[in-house]
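Read the structure below first, then the notes.
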Amino acid sequence: MNSLVNNLANRFRTCPVTGLKVDKSAENLIKVNAVVAVVCLLIGAIAAIGLVFTRWQAFHILPADWYYRFLTLHGLNMLIFFIIFFEMAVLYFASTVVLSSRQPAPKLGWLAFGLMMVGMVMVNAMVLTGKADVLFTSYVPLKADPLYYLGIILFAVGALIVVSLFFASLVVAKREKTYTGSIPLVTFGGLTAAIIAVITLLHGAAIYIPTFLWSLGLIELDPGIYRLIFWGLGHCSQQINVAAMVSIWYLLAGLTVGGVVLNEKISRAAFVLYIGFISMASAHHLLVDPEFGPGWKIWNTSYAMYLAVLASMVHGFTVPAGIEIGQRLRGHTNGLFDWLRKAPWGDPGFSGMALSIVIFGFMGGITGVTLGTEQINMIAHNTMRIPGHFHVTVVGGTALAFMAVTYYVLPLIFQKRVSFWKLAKIQPYLFGGGIATMAVGMIFQGIFGVPRRHWDITFKNAPFNVEFHPSVEIFQAVMGIGGTIAAIGALAFIAIAVASVFFGKTITADDLKNGASGLPQGVLKLPPQVYSGANVAAVHEAGAKGTMVLVFIFLAAFVLYFFVNWKILSFIWKIG
Amino acid sequence: MSEVNSKSSSNVPLGQRLFDRPFLLLGFGLVVMFGFYTIWGMVEILNMPQSPLP
């Protein structure tokens with residue numbers, strides 16, 4: 001009995017910065033999942049360079065078969081492997097570290113990690129050996145080697161085990177009373193991500209098991225049904241990202257500037273709207289498919305989906321407003337934007353989070369809602385506007401938020417100082433600026449009708465002529481330059497993460513006391529997480545006026561973009 | 001990020017009690033998505049009339 005108690009006691013360490021109890025077995029699982037995520041990011045980034053310099057017709061470096069191979073490699077490693085491995089780390093963090101609880105079944109966690117690793121290696125091997133040139137979507141009847149589908153199934157089973165462990169951790173933490181009241185908001189966001197992950201993975205099982213059997217020649221598979229169920233996996237997997245990303249925004253707001261939650265009820269209700277309705281955004285991919293009637297399309301992509309958009313706009317207000325209130329409580333009260341000027345812009349955790357919010361909200365959100373409108377979708381479907389949109393949501397939003405939190409994970413979980421600290425300070429600007437520029441280039445190409453997933457838009461050797469407006473060449477250059485800057489930003493992040501984890505200096509108490517280089521300001525001096533004093537009521541009374549101004553700028557941009565798109569539609573689709 | 005007060009269960013509002021039940025939220029998410037997107041979508045496909053191809 002004593003040895004059991006000792007074992008349990010030895011499983012934990014106390015974080016010197018946050019005071020949270022950290023289960024070492026959960027910590028190890030966080031570490032390995034985060035490290036593999038970065039390796040997948042590297043594979044995806046190398047493929048991205050090949051893609052950018054092929055789509056940019058002035059270079060056009062890859063032959064057709066390698067272009068589609070790289071596109072498959074890029075899509076899978078960025079949208080599935082990098083993101084989901086990192087999300088597994090987030091789920092372990094949100095369920096054990098934030099709740100100061102234990103991981104209930106560490107061996108099962110390692111089994112899940114093993115399955116995900118085997119699946120990831122199998123899929124990448126099939127793609128690189130040319131046995132799965134089927135792109136991320138692997139639409140039937142395009143057929144890959146059966147091992148490709150088996151790899152995805154193994155990966156999904158591993159991820160489902162981790163999600164189950166997340167739920168088990170919540171049950172254990174509640175039973176062992178490691179927290180009182182409701183779970184913290186960051187964990188609630190993790191719960192939202194976990195629920196969407198269950199929805200995603202069940203759709204994955206429902207489509208990839210039959211597709212595996214189809215690839216063996218055992219059954220028939222209808223392409224329409226494949227598309228319907230596949231997007232329950234393909235798009236929902238990106239909605240796990242949204243929930244995880246928003247949770248990270250709340251976490252980093254607290255860690256970097258002592259941001260407050262304006263209203264727990266509102267933020268939690270917004271997460272519940274995600275649980276109910278964000279997954280239905282999958283129907284956007286089927287807006288031009290003839291099998292579905294307008295009732296199904298409009299209910300899923302408009303009425304239901306707008307409830308999730310409402311949730312995003314709630315978070316898009318409450319996170320910056322919470323940051324503003326936190327900054328004002330710390331004494332930055334002058335004018336409308338003193339809180340923003342005095343923010344720690346040299347802390348990559350803060351700058352990465354702030355850029356993630358701006359890029360996701362202003363660019364990703366506005367373009368997404370517009371593309372999701374059935375009429376406008378007709379002029380945008382399968383054009384470069386679509387990758388333009390999702391590169392500012394999944395990459396400029398989610399990946400940048402994951403990078404930002406890594407600058408806190410390295411010292412708090414890996415207990416290492418961040419290597420190449422000066423480079424780390426500019427990395428979020430490089431990556432965020434590059435992605436935003438690249439997306440602008442893509443979106444404008446799409447407006448001129450340039451198709452996505454196309455090797456050669458000059459249609460060389462084709463039996464017909466297709467000419468695009470000459471300005472497309474300018475926007476290809478914008479895309480290429482932005483993509484190059486983003487790739488440099490991604491490679492800088494990978495170099496920083498790898499050097500910190502494997503060669504970085506371990507943090508000592510003196511480092512924390514003396515403000516050593518490589519430690520974000522929120523780690524050196526954690527801002528207050530709960531405020532008290534005479535000015536608290538006054539600051540809350542004054543409200544978040546600066547954020548309100550930003551909200552109206554956002555609204556004006558939204559209205560303008562939406563109106564311009566309807567105007568473009570009226571030029572193309574003349575009635576009467 | 002914020003302090004959560006512990007309250008006796010009788011004082012906890014209904015909304016909070018519902019939000020405190022992860023498996024209820026899981027069921028909600030599954031029912032809505034499978035009901036409106038997946039099953040309704042399958043019904044649409046399966047009820048599609050046969051194309052009168054020559």
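The values are calculated or read from the model by the stated rules, or taken from the named source; none is laboratory data. In this text, all values refer to a predicted model and were calculated from it rather than measured experimentally. Cβ: placed from backbone, ideal geometry, glycine included. Neighbour counts: every protein chain shown.
The residue that is farthest from the other protein chains (Cβ to nearest Cβ), among those in segment A:216-232 that are hydrophobic (A, V, I, L, M, F, W, C) and not in a helix (DSSP H, G or I), is A:Leu216.
Test A:Ser101 against the stated conditions and say whether it is hydroxyl-bearing (Ser, Thr, Tyr), buried (at least 20 other Cβ atoms within 10 Å of the Cβ) and in a loop (DSSP other than H, G, I, E, B). Yes, satisfied.
Does A:Leu307 qualify as being under 23 Å from A:Ala37 (Cβ atoms) and not small (Gly, Ala, Ser)? When the stated conditions are applied, A:Leu307 does not pass them.
Yes/no matrix, rows are residues, columns are (1) under 30 Å from A:Pro411 (Cβ atoms); (2) over 24 Å from the mean Cα position of the chain (by Cα); (3) of a type in the set (D, E, K, R); (4) in a helix (DSSP H, G or I):
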site: A:Val17; (1), (2), (3), (4): yes, yes, no, no
site: A:Ala34; (1), (2), (3), (4): yes, no, no, yes
site: A:Val38; (1), (2), (3), (4): yes, no, no, yes
site: A:Ile46; (1), (2), (3), (4): yes, no, no, yes
site: A:Thr54; (1), (2), (3), (4): no, yes, no, yes
site: A:Tyr68; (1), (2), (3), (4): no, no, no, yes
site: A:Leu73; (1), (2), (3), (4): no, no, no, yes
site: A:Leu76; (1), (2), (3), (4): no, no, no, yes
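In the set (1) more than 25 Å from A:Ala243 (Cα to Cα); (2) buried (at least 19 other Cβ atoms within 10 Å of the Cβ), the condition left unmet by A:Phe448 is number (2). If I filter segment A:287-305 for residues that are surrounded by fewer than 22 Cβ atoms within 10 Å (Cβ to Cβ), in contact (Cβ under 8 Å) with a residue 24 or more places away in the chain, under 24 Å from A:Val394 (Cβ atoms) and polar (S, T, N, Q), do I get at least one hit? Yes, segment A:287-305 contains a residue that is surrounded by fewer than 22 Cβ atoms within 10 Å (Cβ to Cβ), in contact (Cβ under 8 Å) with a residue 24 or more places away in the chain, under 24 Å from A:Val394 (Cβ atoms) and polar (S, T, N, Q). Of the set (1) under 30 Å from A:Val405 (Cβ atoms); (2) surrounded by 20 or more Cβ atoms within 10 Å (Cβ to Cβ); (3) away from chain B (no Cβ under 11 Å), all apply to A:Ala205 but (2). Consider segment A:234-249 and keep the residues that are in a helix (DSSP H, G or I) and touching a His at 6+ places or on another chain (Cβ under 8 Å). The one that is nearest to A:Ile196 (Cα to Cα) is A:Cys236.
Determine the pairs where a residue that is without any contact (Cβ under 8 Å) to a residue 40 or more places away in the chain, located within segment A:248-270, has a partner that is surrounded by fewer than 24 Cβ atoms within 10 Å (Cβ to Cβ) with Cβ atoms under 7 Å apart, the partner being 6 or more residues away or on another chain. So the pair list comes out as A:Lys265/B:Gly15. Among helices (runs of 4 or more DSSP H) entirely within segment A:275-364, having at least 2 residues that are of a type outside the set (Lys, Arg) and at pLDDT below 95 singles out A:294-298, A:305-329. Which of the residues that make up segment A:529-546 are surrounded by fewer than 16 Cβ atoms within 10 Å (Cβ to Cβ), hydrophobic (A, V, I, L, M, F, W, C) and in contact with an Asp or Glu (Cβ under 9 Å, 6 or more places away or on another chain)? Listed by number, the list holds a single entry, A:Val530.
Scanning segment B:22-49 for residues that are surrounded by fewer than 17 Cβ atoms within 10 Å (Cβ to Cβ), among the small types (Gly, Ala, Ser) and either over 14 Å from A:Val198 (Cα atoms) or in contact with a His (Cβ under 9 Å, 6 or more places away or on another chain) (or both) yields one hit, B:Gly35.
Conditions (1) within 11 Å of chain B (Cβ to nearest Cβ); (2) more than 23 Å from the chain's Cα centre (by Cα); (3) farther than 13 Å from A:Ser279 by Cα, marked per residue:
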position	(1), (2), (3)
A:Tyr179	yes, yes, yes
A:Leu185	yes, no, yes
A:Trp214	no, yes, yes
A:Gly234	no, no, no
